[in-house]
Amino acid sequence: MHRCCGGFHRLPVPVIARIDGYALGGGLELAAACDLRVASDRAVFGMPEVRVGIPSVVEAALLPQLIGYGRTRRLLLTGVTIDAEEALAWALVDAVAAPDRLDAVVERFAAAILAGGPQAIGCRKS
């Protein structure tokens, strides 16, 4: 998990997570490692490992910079899940769309990135 998330950070191009369903535990950690996150309105997010006695792995450390320490503690300590609208309100995701519009929203983000200068975008990744 650590190498995979680190790989997202080392890529010289932005990584957009497309989330259509459950992003729980490691799935949420992978999404948090991406530069942008777009979710369908049926997506669910959480860190439920605590409910079965398993601590989350080190990549959960990415969450506070996205959603703050209080919300991160809520997810990690209680194992609750949140829906896509709450994830958007928390700034965990950058956009929410109906499942049939999800690809279009991802493509809109990608087009906006591609409209920028490659060197400038690359500098933002470093």
(request) Report yes if some residue within region 16-26 is over 13 Å from ALA84 (Cα atoms) and modelled with pLDDT of 95 or more; otherwise report no. (result) yes
(message) List the residue pairs whose Cβ atoms are under 7 Å apart, where the first residue sits in region 22-48 and is open to solvent by 10 Å² or more (accessible area, probe 1.4 Å), the second is acidic (Asp, Glu) and assigned to a strand (DSSP E or B), and the two are 6 or more positions apart or on different chains.
(response) VAL44/ASP83
(request) Could you tell me which residue of region 60-103 is least open to solvent (accessible area, probe 1.4 Å), considering only residues that are of a type in the set (D, E, K, R) and in a helix (DSSP H, G or I)? (result) GLU86
(request) Considering only residues that are over 21 Å from LEU76 (Cα atoms) and aliphatic (A, V, I, L, M), look in region 1-16 and name the one that is least open to solvent (accessible area, probe 1.4 Å). (result) VAL15
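The values are calculated or read from the model by the stated rules, or taken from the named source; none is laboratory data. Computed from a predicted model, the values in this text were never measured in an experiment. Note: ideal-geometry Cβ built from the backbone for every residue, glycine included; neighbour counts use all protein chains shown. When the accessible area is computed, the model is the full protein with side chains, heavy atoms only, and any ligands, DNA or RNA have been set aside. Shrake-Rupley method; radii C 1.70, N 1.55, O 1.52, S 1.80 Å.
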